[in-house]
Amino acid sequence: MKIYLLGIFCLLALSGLARAEDEAVDIDGKVVEDIGKSTIGSKTDDETVEREEEAIQLDGLNVSQMKAMRDSAEKHHYQAEVNRMMKLIINSLYRNKEIFLRELISNASDALDKIRFNSLTDPSVLEATADLKVMIKPDKENHALHIIDTGIGMTREDLVKNLGTIAKSGTSEFLAKMEEGETDVTSDLIGQFGVGFYSSFLVADTVVVTSKNNADEQYVWESDAASFTVAKDPRGNTLGRGTQISLFMKEEAYDFLEEHTIKD
C-alpha cells in the first residue's frame, strides 16, 4: 500500500482551518504494512464468516476475532434525530460527496487542539505520543480509507454519546430548517452545527471508529448507518492515543482511494 505525503499547508487548506506548526497531516508517504491486512486463521466454508472477512478487515484482527468482538458488542439504535439528520445529509449532499474528507480532517484537527490545550496544564497527557498529526491512509485492496489522528481520543461513553446522539440543542434548529425547506443543506452549515461526521455515509457502507483516550481502554465503534455497536478492542491499545476512522467505501466512491482525488 502506498502512502502519499502532503505538506501541512496543503491539507489545512483542504480542511479550511489554520493550525499550529506542530500539527501535520500525512497522506500516506511511505510503504508500510497495509492497515486493512489481517492474519486469517483456519479457513471455513461458513458463508457468513466469509462475507464478514470480505466486508471488514482491521489490522491485527482475524475473522474469528472480528466475529467474537461483534457478538460481544453493545448494540445501540441511533437517536431519532440522528436518523433524520443522516437522511437529510445523504439525500441533500449526494452530489457533493467530497465534503466528508474535509469534515473528518476538521474533526481530527479539533481533537489535536483539545489534547494540546490539556497539555498546557498537564504535560503528562502527551506521554503516549507528543507527535500531533493527522494521517490519511488509502487501502485499495480492501476498499477502505483510514483517517488517523493522535488527538485526545474518545472513551466508550464518548463514542456512544458523540456518535449516537445529538447533544447540541442547536441541531434541532438545523433539522427544523432543513425539513421545512428554508435553506439548503450545505457543507458550511453541516460544519457549523458539528454534524460533519455523518457525511461519512455519503461514501461508506460501513464506518468503524477505533479510539483510545487516556482515561479509558481502546474501543471500537461500528455502524452501517442503521444502528451501531461498541466493543472493547481485543487488540488492546494499538493507537497509543487518538482515533482511527475507517471508511469501507461504496463502489461509486472508490475514486477517493486515489492520490489525485485526495489531493484535489
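Considering the conditions (1) of a type outside the set (G, A, S); (2) closer than 24 Å to P138 by Cβ; (3) open to solvent by 50 Å² or more (accessible area, probe 1.4 Å), N62 is excluded by exactly one of them, (3). State whether the residues of the range 226-242 include one that is touching a Leu at 6+ places or on another chain (Cβ under 6 Å), of a type outside the set (F, W, Y) and assigned to a strand (DSSP E or B). Yes - at least one qualifying residue is present in the range 226-242. In the range 209-225, of all residues being aliphatic (A, V, I, L, M) and in contact (Cβ under 8 Å) with a residue 60 or more places away in the chain, the one that is nearest to R102 (Cα to Cα) corresponds to A225. Cβ-Cβ distances below 6 Å connect the following pairs, each with a first residue in the range 241-264 that is more than 18 Å from E103 (Cβ to Cβ) and open to solvent by 10 Å² or more (accessible area, probe 1.4 Å), a second residue that is of a type outside the set (A, V, I, L, M) and assigned to a loop (DSSP other than H, G, I, E, B), and a separation of six or more residues or different chains: E259/Y4. Residues that are open to solvent by less than 50 Å² (accessible area, probe 1.4 Å) and under 26 Å from L257 (Cβ atoms) were ranked within the range 68-89; the one that is farthest from the chain's Cα centre (by Cα) is M69. In the set D216, D188, only one residue is closer than 21 Å to A111 by Cα, at pLDDT below 95 and either open to solvent by 20 Å² or more (accessible area, probe 1.4 Å) or in contact with a His (Cβ under 9 Å, 6 or more places away or on another chain) (or both); that residue is D188. When E53, E74 are checked against the criterion of being under 24 Å from K212 (Cα atoms) and either in contact with a helix residue (DSSP H, G or I) (Cβ under 6 Å, 6 or more places away or on another chain) or at pLDDT 90 or above (or both), a single residue qualifies: E74. Report yes if L112 is out of contact with any strand residue (DSSP E or B) (no Cβ under 7 Å at 6 or more places or on another chain) and over 17 Å from E222 (Cβ atoms), otherwise no. So L112 does not fit the description; no.
Among the residues making up the range 90-131, a single one is open to solvent by 70 Å² or more (accessible area, probe 1.4 Å), hydroxyl-bearing (S, T, Y) and modelled with pLDDT under 80: Y94. Just to be sure before I move on: is M154 at pLDDT 95 or above, open to solvent by less than 70 Å² (accessible area, probe 1.4 Å) and of a type outside the set (V, I, T) in the structure I sent? It is true that M154 is at pLDDT 95 or above, open to solvent by less than 70 Å² (accessible area, probe 1.4 Å) and of a type outside the set (V, I, T).
The values are calculated or read from the model by the stated rules, or taken from the named source; none is laboratory data. Keep in mind the model is a prediction, meaning the values are calculated, not measured. Here the Cβ is made from the backbone with ideal geometry for all residues, glycine too, and neighbour counts use every protein chain on show. The accessibility values were calculated without ligands, DNA or RNA, using every heavy atom of the protein model including side chains. Shrake-Rupley method; radii C 1.70, N 1.55, O 1.52, S 1.80 Å.
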